[in-house]
Amino acid sequence: MTLLDRLSSPGPKRMLALDGGGIRGAITLGFLEKIESILRERHANPNLKLRDYFDLVGGTSTGSIIAASLAIGMDAGELRDMYLRLGGRVFGKKKWRKWEALFDAGPLQEELATAFGDCTLGDPSLTTGLCIVAKRADTRSTWPLINHPLGKYYERQQGHPPPRGRASQHGGAGLFRP
């Protein structure tokens, strides 16, 4: 079944929405790992991934990283291990500017470049719907980036990579915050 067939088939759809929150994404991943375990048992499929169960995964900030990782087929346990390994390096030393915390995005960008490789929003490896909610740094406007082939801006967005950090996320350098 193609992504378009899956997203446009009749009937209800299962959606997973994930919030941001930096390293607190590890808490989200703990819940997702339990959900994945329950679903594997319920469906008698030890290889079931959340992307096989949910028709659309989406998120903002850390939630978009988790959503994109699930959409390419990572399981929640792999992601939790990545977050715990990177937590101190990425989120350990923060600087503050007004009301937002700044962190060194370098280690995160390296890890995500390794995880996603050359994958883009139009990549056939994305077998579930994906929505990444980004905010432009210059205008502070919200931009939902989607992989639905019939989506209004799909043609423009399909070549964009999943989240990779402050400087390279979805387009021009520095336009989108992680």
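The values are calculated or read from the model by the stated rules, or taken from the named source; none is laboratory data. Being a predicted model, the structure only gives us computed values, none of them experimental. Neighbour counts are summed over all protein chains in view; Cβ atoms, including those assigned to glycine, are modelled from backbone coordinates with ideal geometry. For the accessible areas, the whole protein counts, side chains as well, though only heavy atoms, and no ligand, DNA or RNA atoms are used. Shrake-Rupley method; radii C 1.70, N 1.55, O 1.52, S 1.80 Å.
For the range 1-48, enumerate the residues that are under 14 Å from Gly63 (Cβ atoms) and touching a Phe, Trp or Tyr at 6+ places or on another chain (Cβ under 8 Å). Met15, Leu16, Gly22, Ile23, Gly25, Ala26, Leu29, listed by residue number.
Annotation note: of Asp138, Asp52, Asp104, the sole residue that is acidic (Asp, Glu) and modelled with pLDDT of 85 or more is Asp52.
Tell me, please, whether a residue that is part of a loop (DSSP other than H, G, I, E, B) and more than 19 Å from Pro144 (Cβ to Cβ) can be found in the range 53-74. There is at least one residue in the range 53-74 that is part of a loop (DSSP other than H, G, I, E, B) and more than 19 Å from Pro144 (Cβ to Cβ). A single entry from Thr127, Thr142 fulfils the requirement of being closer than 14 Å to Gly73 by Cα, among the polar types (S, T, N, Q) and open to solvent by 50 Å² or more (accessible area, probe 1.4 Å): Thr127. Residues that are modelled with pLDDT of 90 or more and surrounded by fewer than 15 Cβ atoms within 10 Å (Cβ to Cβ) were ranked within the range 9-28; the one that is nearest to the chain's Cα centre (by Cα) is Ala17.
I need the full set of residues from the range 29-52 which are open to solvent by less than 60 Å² (accessible area, probe 1.4 Å) and either touching a strand residue (DSSP E or B) at 6+ places or on another chain (Cβ under 6 Å) or not in a helix (DSSP H, G or I) (or both), in order please. Passing the criteria: Asn45, Leu48, Lys49.
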